[in-house]
1. So which helices (runs of 4 or more DSSP H) stay within region 3-82 end to end and still have 1 or more residues that are hydroxyl-bearing (Ser, Thr, Tyr)?
2. So which residues in region 50-69 are in contact with a Phe, Trp or Tyr (Cβ under 8 Å, 6 or more places away or on another chain) and surrounded by fewer than 20 Cβ atoms within 10 Å (Cβ to Cβ), if there are any at all?
3. Cβ-Cβ below 6 Å, separation at least six or inter-chain, first residue in region 23-38 and closer than 12 Å to Leu50 by Cα, second open to solvent by 50 Å² or more (accessible area, probe 1.4 Å) and assigned to a helix (DSSP H, G or I): which pairs?
4. Would you confirm whether any residue within region 61-73 is on the phi > 0 side of the Ramachandran plot and in contact with a helix residue (DSSP H, G or I) (Cβ under 6 Å, 6 or more places away or on another chain)?
5. Does region 1-49 hold any residues that are charged (D, E, K, R), closer than 26 Å to Asp71 by Cα and exposed (fewer than 12 other Cβ atoms within 10 Å of the Cβ), and which are they?
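The values are calculated or read from the model by the stated rules, or taken from the named source; none is laboratory data. Bear in mind that the values here come from a model prediction, so they are computed numbers and not experimental data. In this analysis, Cβ positions are derived from the backbone assuming ideal geometry, glycine residues included, and neighbour counts consider all displayed protein chains. Heavy atoms of the whole protein, side chains included, go into the accessibility calculation; ligands, DNA and RNA do not. Shrake-Rupley method; radii C 1.70, N 1.55, O 1.52, S 1.80 Å.
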Amino acid sequence: LGATISREALAGAANLIVPALLILAVLSAVGVVLAVVLQRGFGFDLTTALFAAAPGGMNNMAILAKDAGGDGFAVALVHLVR
């Protein structure tokens, strides 16, 4: 896939930096707000809430949450429902 990228495509990618950063900021803000809702409204601990609200694959988020001291099962369940 990388071999098919041309110089023109890379030059055009510079125009995507601002929208990409905006999407990153919005997704991060929404994730934090949802984590607070999970923590305050549903009794999740902060680590579990953050991993449950973060975008990503169910398995990966559950494993990362467990490694960080959160409840991997709860994270997997939230991602399954999502």
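1. 17-42, 46-53
2. Of everything in region 50-69, those that are in contact with a Phe, Trp or Tyr (Cβ under 8 Å, 6 or more places away or on another chain) and surrounded by fewer than 20 Cβ atoms within 10 Å (Cβ to Cβ) turn out to be Leu64, Ala68.
3. Ala35/Leu50
4. yes
5. Passing the criteria: only Arg40.
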